[in-house]
1. If R₀ is 22 angstrom, what is the calculated FRET efficiency for the pair R46 and L102, using the beta carbon separation as r and rounding to 0.05?
2. Placing +1 on the Cβ of each Lys and Arg and -1 on the Cβ of each Asp and Glu in the chain, which of I117, I81, P2 has its Cα farthest towards the positive end of the resulting dipole?
3. Amide H to amide H under 5 Å from I81: which residues, 5+ apart in sequence or cross-chain, H placed 1.01 Å off N in plane?
4. How would S57, S33 line up from fewest to most surrounding beta-carbon atoms within 10 angstrom?
5. List L38, L60 from most exposed to least, where exposure is judged by having the fewest other Cβ atoms within 10 Å.
Amino acid sequence: MPEDEIDTIIRKKALEMAARQTASRRQEERPLSNDDVLKIVRGLLRGERAEEILNTSLELYGDALMPLLRKIADLHRQGVINELWDHELYRILTNAGFVVPLKTRLRIVRHGREHKIGED
């Protein structure tokens, strides 16, 4: 193969790679909608009560919570956060000033009988 053909192939491959990188940057830079943010955050959640914590906080605070969730989604897109456990989400929300009350149930078993505390 002559050197001219090799240079042409290399230039063509370099242009293709640059075009792919530019396209991927454009996708990453597009602003996320609130639905996209919630979808990303829900995908990160781990633990038994994570969904409950997120849903309760969304019911209470709604749009005021979105900047915090958007930051979590951005950190995930940057590769900083891969998963978010329920206790971590709860701590993030409380540290940011969002108080999220959770329903708790206690059951005490004495002499084979169950006594319920915290249920109606």
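1. Details: r = 17 Å, r/R0 = 0.76.
My answer for the efficiency is 0.85.
2. Final value for the positive-end residue is I117.
3. H76
4. Exposure proxy ranking, most exposed first: S33, S57.
5. Final ranking by Cβ density, sparse to dense: L60, L38.
Read the figures in this text as sums done on the coordinates, not as results from a lab. What you see is a predicted model; the values in this text were computed from it and never measured. Neighbour counts run over all protein chains shown; Cβ positions are idealised from the backbone, glycine included.
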